[in-house]
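Q: This is the structure, below, for whatever I ask next.
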Amino acid sequence: MNLFQKPEKLKLEALNRKSVEEFKESDKIPVVILLDNVRSMHNVGSVFRTSDAFSMEKIYLCGITPTPPHREIQKTALGATESVYWQHVESISELIKSLKNEGYLIVGIEQVKGSTLLQDYKIDTGKKFAIIMGNEVEGISENILQEIDVFVEIPQSGTKHSLNVSVCTGIILWEWYKAFS
């Protein structure tokens, strides 16, 4: 850009956005997201929006995770509940077994002994991934930890040592999107 040229925002028509139908028919990144007992409808809506932005395959809303349609989800999803495939599943354990049978590598985003830092994790683009995001307070349910193939964590240096579920999901999905693009 020329130093003397004033920046001009792109108009919506210049962004070449897909219609909901075009999005549903387009190629997706082989990643499904499992929200494990996520309580906040704003987090759920944000994960829908991010999944739409990065062309994720599907979202599984597990346990007590709220489901569309709901006004509070729609506030942050901005219509992505219509474009991104989703399904509510009561038992995340049964879902994990099913996804493993379909060839998915189960990735838990959690701080555990032996977890791999995000920048050190090599994403194998020859695989399909099921990424689990846990509850805002408790993280991933204790009873499914042993069913997870690999744990990845986002390094942090502040005092909180945790990120909001939707922020964490955005960082993680961006890395998978970059790997597959």
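The values are calculated or read from the model by the stated rules, or taken from the named source; none is laboratory data. As the structure is a prediction and not an experimental result, all values here were calculated from the model. A quick note on method: Cβ atoms are made from the backbone with ideal geometry, for glycine too, and the neighbour counts reach across all protein chains shown.
Q: Looking at this structure, is ALA53 touching a Lys or Arg at 6+ places or on another chain (Cβ under 8 Å) and surrounded by 13 or more Cβ atoms within 10 Å (Cβ to Cβ)?
A: Details: touching a Lys or Arg at 6+ places or on another chain (Cβ under 8 Å): no; surrounded by 13 or more Cβ atoms within 10 Å (Cβ to Cβ): yes.
For ALA53, the condition - touching a Lys or Arg at 6+ places or on another chain (Cβ under 8 Å) and surrounded by 13 or more Cβ atoms within 10 Å (Cβ to Cβ) - is not met.
Q: Still on this structure, please answer the following. Counting just the residues of region 134-181 that are charged (D, E, K, R) and closer than 20 Å to ILE123 by Cβ, which one comes out farthest from the chain's Cα centre (by Cα)? Don't jump to the end; show me each part of the working.
A: So the first thing to find is which residues in region 134-181 are charged (D, E, K, R), and the list is 136, 138, 142, 147, 149, 153, 160, 175, 178.
Narrowing further to those that are closer than 20 Å to ILE123 by Cβ: 149, 153, 175, 178.
On the way: ASP149: 17, GLU153: 14, GLU175: 11, LYS178: 14 Å.
Residue satisfying both the conditions and the ranking: ASP149.
Q: Still on this model: Considering only region 89-120, state which residues are among the hydroxyl-bearing types (Ser, Thr, Tyr), without any contact (Cβ under 8 Å) to a residue 40 or more places away in the chain and more than 30 Å from ARG71 (Cα to Cα). So that I can check it myself, show each step before the final result.
A: At the first step, the residues of region 89-120 found to be among the hydroxyl-bearing types (Ser, Thr, Tyr) are 91, 93, 98, 104, 115-116.
Adding the requirement that they be without any contact (Cβ under 8 Å) to a residue 40 or more places away in the chain leaves 91, 98, 115-116.
Matches in region 89-120: SER98, SER115, THR116.
Q: Just give me the residues in region 63-88 being touching a residue at least 24 places away in the same chain (Cβ under 8 Å), surrounded by fewer than 18 Cβ atoms within 10 Å (Cβ to Cβ) and either in contact with a strand residue (DSSP E or B) (Cβ under 6 Å, 6 or more places away or on another chain) or assigned to a helix (DSSP H, G or I) (or both), in sequence order.
A: Residues satisfying the conditions are GLU72, GLN74, LYS75, GLU82, TYR85, GLN87, HIS88.
Q: Being farther than 30 Å from SER19 by Cα and hydroxyl-bearing (Ser, Thr, Tyr): is that true of SER83 here?
A: Details: farther than 30 Å from SER19 by Cα: no; hydroxyl-bearing (Ser, Thr, Tyr): yes.
Spelling it out, it is not the case that SER83 is farther than 30 Å from SER19 by Cα and hydroxyl-bearing (Ser, Thr, Tyr).
Q: Another question, if that's okay. Scan ILE154, ILE106, ILE132 and give me the residue that is at pLDDT 95 or above, under 15 Å from TYR60 (Cα atoms) and in contact with a helix residue (DSSP H, G or I) (Cβ under 7 Å, 6 or more places away or on another chain).
A: Numbers: ILE154 fails: under 15 Å from TYR60 (Cα atoms); ILE132 fails: in contact with a helix residue (DSSP H, G or I) (Cβ under 7 Å, 6 or more places away or on another chain).
Going through ILE154, ILE106, ILE132 in turn, just one is at pLDDT 95 or above, under 15 Å from TYR60 (Cα atoms) and in contact with a helix residue (DSSP H, G or I) (Cβ under 7 Å, 6 or more places away or on another chain): ILE106.
Q: Would you mention how many residues in region 107-120 are in a loop (DSSP other than H, G, I, E, B), among the aliphatic types (A, V, I, L, M) and under 18 Å from the mean Cα position of the chain (by Cα)? Before the answer, list the steps.
A: Let us first name the residues in region 107-120 that are in a loop (DSSP other than H, G, I, E, B), namely 110-115.
Filter again for among the aliphatic types (A, V, I, L, M), leaving 112.
Next, only the ones that are under 18 Å from the mean Cα position of the chain (by Cα) stay: none.
Residues in region 107-120 being in a loop (DSSP other than H, G, I, E, B), among the aliphatic types (A, V, I, L, M) and under 18 Å from the mean Cα position of the chain (by Cα): 0 in total.
Q: Do you know which residues across region 67-106 are under 17 Å from the mean Cα position of the chain (by Cα) and among the polar types (S, T, N, Q)?
A: Kept after step one, since they are under 17 Å from the mean Cα position of the chain (by Cα), are these residues of region 67-106: 67-68, 73-74, 76-89, 92, 95-96, 99, 104-106.
Correct list: THR67, GLN74, THR76, THR81, SER83, GLN87.
Q: Still on this model: Name the single residue, out of those in region 124-157 being among the hydrophobic types (A, V, I, L, M, F, W, C) and surrounded by fewer than 16 Cβ atoms within 10 Å (Cβ to Cβ), that is farthest from SER40 (Cα to Cα).
A: Here is the first cut: in region 124-157, the ones among the hydrophobic types (A, V, I, L, M, F, W, C) are 129-133, 137, 140, 144-145, 148, 150-152, 154.
Next cut, surrounded by fewer than 16 Cβ atoms within 10 Å (Cβ to Cβ) only: 137, 145, 150.
Working: VAL137: 11, LEU145: 22, VAL150: 26 Å.
Here the answer is VAL150.
Q: Pairs, please: C-beta under 7 Å, at least 6 apart or cross-chain, first residue under 30 Å from PHE129 (Cα atoms) and part of a loop (DSSP other than H, G, I, E, B) and in region 1-30, second of a type in the set (S, T, N, Q) and modelled with pLDDT of 85 or more?
A: LYS18/SER26; SER26/SER55; LYS28/SER55
Q: One residue is enough: does region 121-139 have a residue meeting the conditions in contact (Cβ under 8 Å) with a residue 12 or more places away in the chain and assigned to a helix (DSSP H, G or I)?
A: No, region 121-139 contains no residue that is in contact (Cβ under 8 Å) with a residue 12 or more places away in the chain and assigned to a helix (DSSP H, G or I).
Q: When only residues in region 89-106 that are in a loop (DSSP other than H, G, I, E, B) and of a type in the set (Gly, Ala, Ser) count, which is surrounded by the most Cβ atoms within 10 Å (Cβ to Cβ)? Spell out the reasoning first.
A: Going through region 89-106, the residues in a loop (DSSP other than H, G, I, E, B) turn out to be 90-91, 102-103.
Now restrict to residues that are of a type in the set (Gly, Ala, Ser): 91, 103.
Working: SER91: 12, GLY103: 9.
The residue in question is SER91.
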